[in-house]
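The values are calculated or read from the model by the stated rules, or taken from the named source; none is laboratory data. What you see is a predicted model, and the numbers here were worked out from it, not measured in a lab. Because the Cβ atoms are built from the backbone with ideal geometry, glycine has one as well, and the counts that use them run over all protein chains shown. SASA here: full protein model, heavy atoms, side chains in, ligands and nucleic acids out. Shrake-Rupley method; radii C 1.70, N 1.55, O 1.52, S 1.80 Å.
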Amino acid sequence: MYDVLIVGAGPAGLTAAIYCGRKKLKTLVVSLDVGGQINLTPKMENYPGYEEVNGIDLARIAEKQARKFGAEITSSKVTSVKKIKNGFEALTSTGQKLQAKAVILAFGRLPQTLNIPGEEKYLGKGVHTCVTCDAPMYNKRTAAVIGGGNAAVDGALELVRIGANKVYLIHRREEFRADAATLAKARKEKKIEMFTNLLPVEVKGTRFVESLLLENKTSEERFELKLNGIFIEIGSIVDTSCVRDLVKLNEKKEIIIDSLCRTSQEGVFAAGEVSSMPYKQAVISAGEGAKAALSAYQYLTGGKGVMLDWK
Ligand SMILES: Cc1cc2nc3c(=O)[nH]c(=O)nc-3n(C[C@H](O)[C@H](O)[C@H](O)COP(=O)(O)OP(=O)(O)OC[C@H]3O[C@@H](n4cnc5c(N)ncnc54)[C@H](O)[C@@H]3O)c2cc1C
């Protein structure tokens, strides 16, 4: 039996592993991959300590740190986690049964994609899924934001603030879903051109994105927009089905945590994008991973500290 089982090896899981390892807890990380979403970003400019860092390089360093402090890392998908007499048991897709006294859930989320030709090929080469992360690349350039909610409309406004020459805001429905105040700001902004009823059909380019092919949903007429970048802001998916009987979830199916990363199940902690914490960024996931590990340490050593009761 391990002291701590960490599910997921993105920034949250790897940071939790470093902290658990340094506390000399017998720690196992089980994850589909090492790095998580940061593997998709070749250039991070907002991770403290690095002016600029490739996400894959950052993940490799964190993996090395976690292993250096004794954490074991294994590759598998966790399909369920349940409470057992002295702790918890996770089942994996390869049939393993992993047992631990405490669990840290850090299995993140996946951005929704359009599933159109060219999208995957140009991911990180003009196709992006995070405006906060990648908008600064579009100073004096042209970009499109796909989506109709607040994230998309705010994203278009952020691109203008950052200095984009022109931003197309493209939504497949008749009406944008963003709140009225945000929409009003976007409508006032001359550099933003808003389209409704349009479906993205294909991302085109050579080495990098050069244009986006669109289709009018009513007339089925197609046309191409010349641009340098496309931001897909149509939400992200979180799959917490493996823990739905173990911990409380919110209406978005995220794991509800308190400020110490505790879930509704004593001994189970959650960190990063899989949790109900609203801001989704690598440094925030890493910070939460640290918090979850320290909370797990408190739990395992019987220390009550300054914790508040779960409400
Ligand atoms: C294209 C792109 C660019 C980005 N750029 C930036 C940026 O510049 N700066 C920034 O701060 N943030 C950026 N982000 C956001 C950042 O990557 C995320 O906030 C961060 O990776 C979240 O970390 P996490 O550990 O919470 O989850 P994730 O990174 O999602 O990691 C989850 C881990 O859990 C594993 N996993 C999932 N399900 C299971 C399962 N059932 N069993 C076992 N393992 C499982 C996954 O394989 C993965 O290793 C970007 C995101 C994307 C997609």
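Annotation for the range 208-291: chymotrypsin sites (Phe, Trp or Tyr not before Pro) lying in DSSP loop with at most 16 further Cβ atoms inside 10 Å of their Cβ are PHE208, TYR279.
Applying 1/(1 + (r/R0)^6) with r as the Cβ-Cβ distance of ASN139 and ARG187 and R0 = 41 angstrom yields a FRET efficiency of 0.95.
Spin-label pair SER264-ASN197: with each label point 7 Å from Cα along the Cα-Cβ axis, the two points sit 4.4 nm from one another. For a Förster distance of 41 Å, can you work out the FRET efficiency between the beta-carbons of LYS248 and GLU45, rounded to the nearest 0.05? For R0 = 41 Å, the calculated efficiency reads 0.70. Taking a ≥ b ≥ c as the square roots of the eigenvalues of the Cα gyration tensor of the range 1-115, is the shape rounded (a/c under 1.5), prolate (a/b larger than b/c) or oblate? Oblate shape, in that a/c is at least 1.5 and b/c is the bigger or equal ratio. Ranking VAL145, ASN165, HIS128 by Cα position along the charge dipole of the range 127-232, where only Lys, Arg, Asp and Glu carry charges on their C-beta atoms, puts ASN165 farthest toward the positive end. Partners of LYS26 within straight-line reach, counting lysines whose Cα lies under 27 Å from its Cα and excluding those fewer than 8 residues away in the same chain: LYS64, LYS68, LYS77, LYS82, LYS83, LYS85, LYS97, LYS101, LYS248, LYS291, LYS304. The range 114-189 and the range 35-69 have Cα centres separated by 25 Å.
Looking at the chain, which longest stretch skips every one of the GluC sites (Glu not before Pro) that is in a DSSP loop with at most 12 other Cβ atoms within 10 Å, leaving the sites themselves out? That gives 53-119 as the longest site-free run.
How much of the accessible area of the chain, probe 1.4 Å, is carbon plus sulfur, in whole percent? Could the numbers behind the result be given before it?
Details: 7890 of 15790 Å².
Using a 1.4 Å probe with all protein chains present, the chain comes out at 50 percent carbon and sulfur.
Fully extending the segment from ASN115 to ALA180 would add 20.5 nm, taking 0.36 nm per residue of separation and subtracting the current Cα-Cα distance. With both residues required to sit in the chain, DSSP beta bridges show an antiparallel share near 45%. The trypsin sites (Lys or Arg not before Pro) of the range 196-263 meeting both criteria, a DSSP state outside H, G, I, E and B (loop) and at most 10 other C-beta atoms within 10 angstrom of the site's C-beta, are ARG207. Here's the picture: a label point sits 7 Å out from the Cα of THR218 along the beta-carbon direction, and within the range 163-181 the residues with their amide nitrogen under 12 Å of it are 174-175.
Taking each residue as 0.36 nm, the span from VAL283 to ILE84 lengthens on full extension beyond its C-alpha to C-alpha distance by 68.3 nm.
For the range 1-105, which trypsin sites (Lys or Arg not before Pro) pass both filters: DSSP loop (anything but H, G, I, E, B) and at most 14 other C-beta atoms within 10 Å? Could you put the intermediate results ahead of the total?
On the way: sites: ARG22, LYS23, LYS24, LYS26, LYS43, ARG60, LYS64, ARG67, LYS68, LYS77, LYS82, LYS83, LYS85, LYS97, LYS101; in loops: LYS23, LYS24, LYS26, LYS43, LYS77, LYS85.
Listed in order of number, the matching sites are LYS24, LYS43, LYS77, LYS85.
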